[in-house]
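A.B. asks: Have a look at this one before I ask anything.
The values are calculated or read from the model by the stated rules, or taken from the named source; none is laboratory data. Just so it is clear, the structure is predicted and the values come from calculations on it, not from any experiment. Note: ideal-geometry Cβ built from the backbone for every residue, glycine included; neighbour counts use all protein chains shown. Remember, those area values only see protein heavy atoms, side chains included, never the ligands or the DNA or RNA. Shrake-Rupley method; radii C 1.70, N 1.55, O 1.52, S 1.80 Å.
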Amino acid sequence: MTVVEPLSVVILAAGRGTRMKNDRPKVLHEMAGLSLIGHVLATAEALGPEKLVVVLGREMEAVAAEIAGRAPAAAIVIQDPPMGTGHALQVAAPELLSAGAVLVLYGDTPLMTEATLRALLERRRAEDAAVAVLGMRPPDPAGYGRLRMGEGGELLAIVEHKHCDPALLAEGFCNSGVMALAAERTATLLGNLTRHPGSDEFYLTDVVEIAGRHGWPCRAVEASWIEGQGVNTQAQLAEVAAHFQTRRRTELMAAGVIMQAPETVFLAADTEIGAGAVIEPFVVFGPGVRVAAEAVIHSHSHLAGTEIGRRAEIGPFARLRPGTVIGEQAKVGNFVEAKNTTLGTGAKANHLTYLGDCDVGAAANIGAGTITCNYDGFNKHRTVIGAGAFVGSNSALVAPVTVAADAVVGAGSVVTSDVPADALGLTRSPQRIIEGGARRLRERLAREKPGGKG
Ligand code: UD1
Ligand code: MG
């Protein structure tokens, strides 16, 4: 289904979010590595609107910066002071097109899907409704406004919880807050809003009754209550985030990703995983990870800003940090950390290693305990390890340094200058053998310890 009329989207986000109980603006709290407002902006942009407007309150520069970074085309308007959802749309009105539809979203309601919003827009358009509202039936409807429906299924009014009679409350049909308005009627609808009796606010929800007074029809479209869940508290944020994880895991499995215990795998909003890849239990994805088909991520690995090649094998207990690219069929084993590092096809770093600012060529082998010393306290330096090179265990590679193709570094070496191709680099001190020395040592220590061995 495509939207066949001009579209303006307005995201309301001027509320302060005091119930989150911290200094971070509510819509900058993160869900799956992306801010709440980032999720809403992504969904809004997927609709391809001609206009995208975000309403913020004053002193919300950090939110404005996030919006500028994620959706540079979005216009930001400041509502100061915030006087209700109706007032918020009035403030945004000069930015909106006067034809087509105006879609209102909330910055703190991040689970809304593109498909649901398209269905709402289509219903409004098809029935030429002045207003179409997204309704829902949450298991705990406390606090939500209620939709009063007419005999013929038309929407008559939205009544805030505190003004509802028991019969309307019992209906349990709630206002998600999302609504689509006929753009050419928006000026009239907003122009007729008055401060709501008993409050200082202009309620956007009053547009439904105003439309009724003009004889303009309104509609409600029911959506899953999960999509309409808003975030007001930390507990609600965790709940909404859990729904998001379930949704993304289900989508990935539907696309052929293998997960034995999906409920233990934590995905970022932008995690991409190819078909046939295996994600074992307790893997955490930060932002910016792409896993190619048939790769295997073993348990307890943590990945962020990383690309994993086809059939590569990671972990268990691997930590891959931003800027890391793991080639096809390469292997990164337990207790290996990599940052800003590329591993060529078939290269291996199987145990206990730190690779920082490093390029490892195809089929190179990095022995257990190898450390790239990439930081001198002031600057970061690169280490280059050529194709087919073999770095012996417990070596320290002091960057900037190159171990060229097919070179070998002897175990335990501290490499401070380049090792040419095919050469053996060794800084180990010679081994001494003292015949009988161990026995003599034991005898002396036993003599010296009062009370003998133990
Ligand atoms: C609103 C609806 C209610 C609905 C509920 C769904 C009204 C009058 N009520 O109530 O029917 O069931 O959402 O969650 O609309 N905002 C502004 N400027 C303002 C006030 C709010 O931008 O002056 C923004 C907030 O940041 C938020 C959204 O609008 O993103 C909703 O505001 P909120 O105060 O949470 O409305 P509710 O009382 O929850
Ligand atoms: Mg609310």
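A.B. asks: For the chain, what does the accessible surface come to per residue with a 1.4 Å probe? Please give it in Å².
C.D. replies: 46
A.B. asks: Using R₀ = 60 Å, calculate the FRET efficiency as 1/(1 + (r/R₀)^6) where r is the Cβ-Cβ separation of Lys449 and Val284; round to 0.05.
C.D. replies: That gives a FRET efficiency of 0.75.
A.B. asks: Hey, with R₀ at 51 Å, roughly what FRET efficiency would His196 and Met253 work out to, going by the Cβ-Cβ distance, to 0.05?
C.D. replies: 0.65
A.B. asks: Here's another thing I want to ask about it. What is the sum of charges around Asn192, taking Lys and Arg as +1, Asp and Glu as -1, for the other residues whose C-beta is under 10 Å from the C-beta of Asn192? The partial results should precede the final answer.
C.D. replies: Values: positive: Arg213; negative: Asp206, Glu209.
Neighbour charge sum, excluding Asn192 itself: -1.
A.B. asks: Please list log₁₀ I(q)/I(0) at q = 0.10, 0.16, 0.19 Å⁻¹ for the stretch 7-222, using the Debye equation with identical point scatterers on the alpha-carbon positions.
C.D. replies: Relative scattering, expressed as log10 I(q)/I(0), comes to -0.41, -1.11, -1.57.
A.B. asks: Could I ask something else about it? Using modelled backbone amide H atoms (1.01 Å from N, in-plane), which distant-in-sequence or interchain residues come within less than 5 Å of Met149's amide H?
C.D. replies: Leu156
A.B. asks: Please identify the GluC sites (Glu not before Pro) of the stretch 347-454 that satisfy two criteria: DSSP loop assignment and at most 13 other Cβ atoms within 10 Å. Which are they?
C.D. replies: Loop-located and lightly packed - Glu435.
A.B. asks: Shifting gears a bit: If DNA, RNA and ligands are ignored and the probe is 1.4 Å, what is the ranking of Arg125, Arg219, Arg442 by accessible area, most exposed first?
C.D. replies: Working: Arg125 90, Arg219 50, Arg442 150 Å².
Largest accessible area first, the list is Arg442, Arg125, Arg219.
A.B. asks: Taking H placed 1.01 Å from N in the peptide plane, check which residues at least 5 places from Leu397 or on another chain put their amide H under 5 Å from its amide H.
C.D. replies: For Leu397, whose amide H was placed from the backbone, the distant partners under 5 Å are Ile371, Thr372, Cys373, Val415.
A.B. asks: For Lys331, which lysines qualify as cross-link partners when the Cα separation must be under 19 Å and same-chain residues fewer than eight apart are set aside?
C.D. replies: Once the sequence-local lysines are set aside, what remains near Lys331 is Lys339, Lys348.
A.B. asks: Filter the DSSP H helices in the chain by two things, a Kyte-Doolittle mean of at least 1.0 and an axial alpha-carbon span of 15 angstrom or more, and list the hits by number.
C.D. replies: 36-46
A.B. asks: On a 1.4 Å probe surface of the protein chains, which of Cys373, Cys218 comes out largest in accessible area, and what is the full order?
C.D. replies: From most exposed to least exposed: Cys373, Cys218.
A.B. asks: Return a whole-number percent for the relative contact order of the stretch 247-425, with Cα pairs under 8 Å and 6 or more residues apart as the contact set.
C.D. replies: Reported as a whole number, the value is 10 percent.
A.B. asks: Between Thr402 and residues 5 or more places away or on another chain, which pairs have amide H atoms under 5 Å apart, with H built 1.01 Å from N, and which residues are they?
C.D. replies: It is Val384, Asp418, Val419, by chain and number.
A.B. asks: Per DSSP H run of n ≥ 4, the term is -39500 (n - 2.57); total these for the chain, divide by its residue number, and report the mean residue ellipticity at 222 nm rounded to 500 deg cm²/dmol.
C.D. replies: Value at 222 nm, helices only: -6500 deg cm²/dmol.
A.B. asks: Tally Lys/Arg at +1 and Asp/Glu at -1 over every other residue whose Cβ is under 13 Å from the Cβ of Asp376; what's the total?
C.D. replies: Charge balance near Asp376 sits at +1.
A.B. asks: Note down the relative contact order for the chain as a percent, whole number, built from C-alpha pairs under 8 angstrom at least six residues apart.
C.D. replies: Taking the mean separation of contacting Cα pairs over the length of the chain, I get 9 percent.
A.B. asks: Could you report the accessible area of Lys26 in Å², rounded to 10, computed with a 1.4 Å probe on the protein chains as they sit in the structure?
C.D. replies: Surface accessible to solvent at Lys26 totals approximately 20 Å².
A.B. asks: Related question: Quote the Stokes-Einstein diffusion coefficient, in whole µm² s⁻¹, for the chain, based on the Kirkwood radius over alpha carbon pairs, a temperature of 10 °C and a viscosity of 1.306 mPa s.
C.D. replies: Result for D is 61 µm²/s.
A.B. asks: Per residue of the stretch 426-432, what does 6.51 cos²θ - 1.76 cosθ + 1.60 with θ = phi - 60° give for ³J(HN,Hα)? Whole Hz please, x for Gly and Pro, Karplus curve as stated.
C.D. replies: Per residue, the Karplus-derived 3J(HN,Hα) values read 8, 10, 5, 7, x, 8, 10 Hz.
A.B. asks: Let me spell out the model: positive unit charges on the Cβ of Lys and Arg, negative unit charges on the Cβ of Asp and Glu, origin at the Cα centre of the chain. What dipole size does that give, in debye rounded to 20? All intermediate terms of the calculation are to be shown ahead of the outcome.
C.D. replies: Working: 42 positive and 48 negative charges, 449 e Å.
The dipole magnitude comes to about 2160 debye.
A.B. asks: Something else about it: 7 Å from Cα along Cα→Cβ at both Glu61 and Thr264: what's the point-to-point distance in nm?
C.D. replies: 4.6
A.B. asks: Continuing with the same structure: With all protein chains present, calculate the accessible area of Thr427 using a 1.4 Å probe and round the result to the nearest 10 Å².
C.D. replies: 70
A.B. asks: Write out the GluC sites (Glu not before Pro) in the stretch 104-151 meeting two conditions: DSSP loop, and at most 10 other Cβ atoms within 10 Å of their Cβ.
C.D. replies: Details: sites: Glu114, Glu122, Glu127, Glu151; in loops: Glu127, Glu151.
In loop regions of the stretch 104-151 (DSSP not H, G, I, E or B), the sparsely surrounded GluC sites (Glu not before Pro) are Glu151.
A.B. asks: Could you give each residue of the stretch 315-323 its phi-based ³J(HN,Hα) in whole Hz, using Karplus coefficients 6.51, -1.76, 1.60 with θ = phi - 60°, and x for Gly or Pro?
C.D. replies: x, x, 6, 9, 10, 10, 9, x, x
A.B. asks: Protein chains only, probe 1.4 Å: how do Phe244, Phe378 rank by accessible area, largest first?
C.D. replies: Highest to lowest solvent-accessible surface, that is Phe378, Phe244.
A.B. asks: I would also like to ask the following. So, with a 1.4 angstrom probe, what is the percent of accessible area on the stretch 292-384 that is carbon and sulfur?
C.D. replies: 53
A.B. asks: Cα centroid distance between the stretch 99-154 and the stretch 176-251, in Å?
C.D. replies: Cα centroid of the stretch 99-154 versus Cα centroid of the stretch 176-251: 6 Å apart.
A.B. asks: Note down the nm distance, to one decimal, between modelled labels 7 Å out along Cα→Cβ at Val398 and at Arg137.
C.D. replies: 7.3
A.B. asks: Separate question: Note the full-extension length gain between Phe335 and Ala293 as 0.36 nm times their separation in residues minus their Cα-Cα distance, in nm to one decimal.
C.D. replies: Extra length available between Phe335 and Ala293 comes to 12.8 nm.
A.B. asks: Normalising by the residue count of the stretch 7-222, find the relative contact order in percent from Cα pairs under 8 Å and 6+ residues apart.
C.D. replies: 24
A.B. asks: For Tyr375, what accessible area in Å² do you get when you roll a 1.4 Å probe over the heavy atoms of the protein chains, rounding to the nearest 10?
C.D. replies: Approximately 130 Å² of Tyr375 is accessible to the 1.4 Å probe.
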